[in-house]
Amino acid sequence: MKQWFQNFPNYVQAAIFATIAAITAAGFSVTVRLAAQELPPLEVVFFRNLFGFLLIVPVSLRAGFSSLHTTRWRMFFLRAILSMGAMSFWFSALAYLPLAEATTLNFTVPLFGTVLAAIFLKEQIRHHRIIALIAGFAGVAIIIRPGSDTMQLASILPVVAALCMACAGMTIKSLARTDSSPNVVLYTMLLMTPMTLIPALFVWETPSWNVIMILLVGTFMANITQLCNTSAFRLFDYSFVIGFNYLRLPFVVVVALVMFGEIPEIWLLPGAGLIVGSAIYIARREAVLAREAKRFDREHSSPATDLDPPPRQRPAPDTRPSASMAFNTQTDAPATGKPDTAPNADAAKAAPETVTTAKPQADTDTNTSMAQKNRDRAPPPK
């Protein structure tokens, strides 16, 4: 089965992994909604981190205790705070908002990521991405409809969660330079578990075994989502894979309609189109800029250029006469371009004659040259 799957092209494998990730991400949102019907969202956040920590420990210990060393506890603490805020706001949005609306508004993570990169990383944003940002946030306004009677304060929860996720994503880029991916997840959940326990104690309700099983399934789905996304990004371009992330929306719409009877509002369609379209455009634009920057670095970096094979050059044409054109293969005499009709015996006799007739000419030239030199050296007459 594995060999059969690997026979597919890389983009097909990446598309399959990304689609599975979108389905499991939608399933995880459903498990959070089911658990939040019995437990407060803050308590659901605590159990999510607790179970996630228990599942990631064996993976991190597989490489040995020496691989767990880190010196960046301040950055891990900052990431834990941001991830705690993102998870708390996101789980609350899934509990109090229709699933389709919460999912759509959470797609604004790339928009906030672009803005934060411009502010803190001083990345230059040109008019293409500025237009995409305006379109994306216009889609947010269409869905929330600020000032209308149907606006809910809970609609702000997924937007704030997206902002926290974008901030946490910037810390991941920094931590990934020095720590492995399992260690980043391990230490983040190690810090988040006691941190999320404190607010959960204020709203604590004893969970039933049914809810615990739902949370275990949800944690397993979240891990599958991360593994599938990682495999998809490893196989093909980011700009191609990220588009499949938005397949969560139709899956969530169908599940929410069947399980909870939630019918999406008419305003969700144009708003989702603007948000998803702008997010995909920004992702593809960043991929193009990354490829151009990589090509520029390779062109202006001698070590990278030395690794490239030299360009293939067409060999210069050989103007010397070939053996078949310069000499007759049977007589070793200069070719005349005429067909050789002489028999082999006559050709064999002709070869010495050619050599003997050439010797007198060479001797005559030599005698003439010696006579000229003697006249030049002769003394002048008295």
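Quick one: if the Förster radius is 35 Å, what FRET efficiency do Leu116 and Arg62 give, using the C-beta to C-beta distance and rounding to 0.05?
Working: r = 34 Å, r/R0 = 0.97.
For Leu116 and Arg62, the calculated efficiency is 0.55.
For region 149-193 versus region 1-64, the inter-centroid distance based on Cα atoms is 16 Å.
Can you give me the C-alpha center-to-center distance between region 81-101 and region 218-247, rounded to a whole angstrom? Spelled out, the Cα-based centre of one part sits 20 Å from the other.
May I ask you to compute the full-extension gain from Phe8 to Ala290, defined as 0.36 nm times their residue separation minus their alpha-carbon distance, rounded to one decimal in nm?
Details: separation 282, 0.36 × 282 = 101.52 nm, distance 2.68 nm.
Difference between extended and current length: 98.8 nm.
For region 1-159, what is the accessible area per residue in Å² when the probe is 1.4 Å? Provide the component values of the computation, followed by the final result.
Numbers: 7840 Å² over 159 residues.
With the other protein chains kept in place, region 1-159 gives 49 Å² per residue.
Estimated from the Cβ-Cβ distance and a Förster radius of 22 angstrom, the FRET efficiency linking Glu38 and Glu265 is about 0.25. In region 57-153, the portion of solvent-accessible area held by carbon and sulfur atoms comes to 68 percent [1.4 Å probe, whole percent, DNA, RNA and ligands not counted].
Stretched out straight at 0.36 nm per residue, the stretch from Arg126 to Ile212 would grow longer than its current Cα-Cα span by 26.1 nm.
Once both labels are positioned 7 Å from their Cα atoms along Cα-to-Cβ, the gap between Ala176 and Ala141 label points is 3.3 nm. For Ala118, neighbours were defined as the other residues whose beta-carbon sits under 13 Å from its Cβ, and their charges (Lys and Arg +1, Asp and Glu -1) total +1.
The values are calculated or read from the model by the stated rules, or taken from the named source; none is laboratory data. Just so it is clear, the structure is predicted and the values come from calculations on it, not from any experiment. Here Cβ is always computed from backbone atoms with ideal geometry, including for glycine, and neighbour counts include all displayed protein chains. Just the protein is used for accessible areas: all its heavy atoms, side chains included, with ligands, DNA and RNA removed. Shrake-Rupley method; radii C 1.70, N 1.55, O 1.52, S 1.80 Å.
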